[in-house]
Amino acid sequence: MRLIAAFFKMVRLQNLFFIALTQVLFQFCIYHPLYKESIPGNDTTRFILLVLASLFIAAAGYIINDYFDINIDEVNKPQQMVVDKLIHRRWAIAWHFILSTGGILLTLFALPFLQKWYLVLANITSVALLWFYSTKFKRQLLTGNIVISILTAWTILIIFFSKVSLADAVGAGNTPHYKFFRLTVLYAGFAFIISLIREAIKDMEDMPGDAKYGCRTMPIVWGTNAAKVYTAVWLVILIALLVVIQVYILQFKWWWTVIYSIVLVILPLVYVLSRLRKSMVTSDFHQLSTWTKGVMFTGILSMLFFYFYL
């Protein structure tokens, strides 16, 4: 039981739940209401395989990140370490290979290869990016943050592209294809920006270990104050975009959606922005990271409203 618990901790079970929840809500609260009777008979089976593929690839990414971060984690979070303490490094690399391969194979099973070969290639690229993120990108200025943000948005984009081609969606006018495209851009864009914010905050939180082992993350290269300004700019952009969206939604009289978004998404982001300037030590940034993760969760849950309104 101890090894099972350690394995689930290594693969970040909570984060995997976030990924699965995002894709399930996107499938059943946005795609299903838009397309209703025109959903293919094998769509649910393909969707389940695609979700499993995403979870396998993400789990493999978490494992390989821990594998290469042993020294850094001994400084930043020694109490949370699993690899080399509870699970041997050789088993960790074996599980990374098994899960990565499984994720790619599940993608092949989920999609018609001749029509959607580029999505299989994209998931293979995701595996490669997660490897290079762990070995190289996360130690570079901004590169790792952008890679993780793109991959976070990809969990939504792959569901969209598995069902609709971009050309059909953009040129479709006021049809389910076009509405699906707009909602995909909305949630993928939210996922991308909130991930940029959280990754920057985590860089400030992890400065002690990162600096000790030669990482060139933003707060180390630019300084903490510059990193705060960068994070604040993205927070302001995200808050402004969300406010504009709420004003747009008001014309449909979706009052509960607006109230939910203001109270559980926008105001927490304003709180993070207000606390950012005063944050100085690791525990402060950890608290902001937790708040940001909470906003990611409430943002994901907002898809529930579309089940009733679409």
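The values are calculated or read from the model by the stated rules, or taken from the named source; none is laboratory data. Just so you know, these numbers come straight off a predicted model, no measurement behind them. Ideal geometry is used to build each Cβ from the backbone, glycine not excepted, and the neighbour counts take in all protein chains shown.
Within the stretch 18-51, the set of residues being β-branched (Val, Ile, Thr) and within 21 Å of residue 182 (Cα to Cα) comprises 19, 22, 24, 30, 39. Taking first residues from the stretch 278-295 that are free of Cβ contacts under 8 Å to residues at least 24 places away in the same chain and partners that are assigned to a helix (DSSP H, G or I) and not acidic (Asp, Glu), the Cβ contacts under 7 Å between residues at least 6 apart in sequence or on separate chains come to 291/268; 291/271; 291/272.
Of the candidates 64, 4, the single residue that is assigned to a helix (DSSP H, G or I) and either surrounded by 19 or more Cβ atoms within 10 Å (Cβ to Cβ) or at pLDDT 95 or above (or both) is 64.
Quick check on residue 280: is it in contact with a Ser or Thr (Cβ under 9 Å, 6 or more places away or on another chain), on the phi < 0 side of the Ramachandran plot and modelled with pLDDT under 95? Yes; evaluated as a whole, the condition is true for this residue.
If you go through the stretch 107-146 and pick out every residue that is closer than 18 Å to residue 221 by Cβ, surrounded by 21 or more Cβ atoms within 10 Å (Cβ to Cβ) and modelled with pLDDT of 90 or more, you end up with 3. Return the residue satisfying two criteria in turn: it lies in the stretch 62-77 and is touching a helix residue (DSSP H, G or I) at 6+ places or on another chain (Cβ under 7 Å) and of a type in the set (Val, Ile, Thr), and of such residues it is farthest from residue 16 (Cα to Cα). Per the criteria, the residue is 75.
Look at the stretch 44-61: where a residue is closer than 17 Å to residue 91 by Cα and a partner is not in a helix (DSSP H, G or I), sitting 6+ places away or on another chain with Cβ atoms under 6 Å, you get 59/11.
Residues that are among the hydrophobic types (A, V, I, L, M, F, W, C) and within 21 Å of residue 292 (Cα to Cα) within the stretch 200-223 comprise 200, 201, 204, 207, 218, listed in sequence order. Summed over the stretch 74-114, residues that are closer than 15 Å to residue 3 by Cα and either outside any helix (DSSP H, G or I) or among the hydroxyl-bearing types (Ser, Thr, Tyr) (or both) total 8.
Of the residues making up the stretch 78-106, just one is among the small types (Gly, Ala, Ser), in contact with a helix residue (DSSP H, G or I) (Cβ under 7 Å, 6 or more places away or on another chain) and modelled with pLDDT under 95, namely 92. Every condition in (1) touching a Leu at 6+ places or on another chain (Cβ under 7 Å); (2) touching a residue at least 24 places away in the same chain (Cβ under 8 Å); (3) over 22 Å from residue 202 (Cα atoms) is met by residue 258 except one, and the failing one is (2).
From the list 289, 302, 283, the lone residue that is closer than 23 Å to residue 15 by Cα and in contact with a Lys or Arg (Cβ under 8 Å, 6 or more places away or on another chain) is 289.
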